[in-house]
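Enquirer: Here it is: the structure, laid out below.
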Amino acid sequence: MAKLKILIVEEATYVEVALQNRLSAMGFDVVKMVATPKLAIDYLENNKVDIVLMDLFSSEKYTANDATNDINIQFAIPVILLNGGNKFNDFQVKASQAKLIMHKPLNDNELAFNIKATINNMNTTLRTLEPSTKKYIFVKADYRLNKIRLDDIYYIEASKDYVSIYTRNNAFTVHATMKDIELALPSHQFVRTHRSFIVNIDKIFSIKYPEVLIEDKMKIIQIGGLYRKKFMQLIEVI
């Protein structure tokens, strides 16, 4: 059985080396250690891991919270945040999409269990939500369940705690996250272009970076830098 691959994000070199040694002794493969959340994103652009262990403390403007959310959105890789307890508390990371927060000092048995459980839970969720054969979804809006054909969806827009799904003649506003919606849609047909937008590739009229023009509605949607690479990979250019 292949070893689970781990990326460690920790500013203190002596801490990350000690953690690497402990994880290796547990049977994990620490494939990379980086000092900042930004370097973690850079590494994941071209490399695959099973999980990221990231210290909450970062002296950089781009925080562990920011990186956790971006890793979840762009790579669908689970993140466990490690809290030293002096500089941060759990209330400060409630808005992040970390799968788990562990407090230092770390117990080896607890750490090993949580790594395996987090990866298993993530894989189960992705399999359960795999929408490759779906032709429609049901969404709860206006006190009823509404059936929406996937081919009828033009784009989806997030606004605070709500998401609006736009079809040719209607807009359905639901209480959900963009990640919930993204996981419920086939990835070959729908793509995230921005933190606040998902578009139906079949409904794109034209592209002039950093903008996408949606047909019929002539809606202009931005392409965020974080999403450009994945977006362009899905577009067949002749």
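Enquirer: Select from Ser159, His188, Asn170 the residue farthest towards the positive end of the dipole of the chain; place +1 on Cβ of Lys and Arg, -1 on Cβ of Asp and Glu, and compute about the Cα centre.
Expert: Result: Asn170, furthest along the dipole toward the positive end.
Enquirer: Which of Met26, Met33 has the fewest other C-beta atoms within 10 Å, and how do the rest follow up to the most?
Expert: Least to most surrounded, the residues fall as Met26, Met33.
Enquirer: On to the next question. Taking 8 Å as the Cα distance limit and 6 or more residues as the minimum spacing, I'd like the relative contact order of the chain as a percentage.
Expert: Over the chain, the number comes to 11 percent.
Enquirer: In addition: Could you list His175, His103 in order of exposure, starting from the residue whose Cβ has the fewest other Cβ atoms within 10 Å?
Expert: His175, His103
Enquirer: Measuring from centroid to centroid over Cα atoms, what is the spacing of segment 198-216 and segment 21-36 in Å?
Expert: Here the two parts' Cα centres lie 41 Å apart.
Enquirer: Among Ile51, Thr118, Val199, whose Cα lies farthest out toward the positive end of the dipole of the chain, if unit charges sit on the beta carbon of Lys, Arg (+1) and Asp, Glu (-1)?
Expert: Val199
Enquirer: By count of other Cβ within 10 Å, fewest leading, how are Glu182, Glu11, Glu211, Glu236 ordered?
Expert: Placing the least packed residue first, the sequence is Glu236, Glu211, Glu11, Glu182.
Enquirer: Report the gain in length on full extension from Ser206 to Lys3: 0.36 nm times residue separation, minus Cα-Cα distance, nm rounded to one decimal.
Expert: Full extension from Ser206 to Lys3 adds 68.7 nm.
Enquirer: Something else: Roughly how tilted is helix 108-128, in degrees to the nearest 10 and between 0 and 90, from the longest Cα axis of the chain?
Expert: Roughly 10 degrees between the two axes.
Here, each number is a calculation from the coordinates, and none is a lab measurement. Please read all numbers here as calculations on a predicted model, not as lab measurements. Virtual Cβ from ideal backbone geometry, glycine too; neighbours counted across all protein chains shown.
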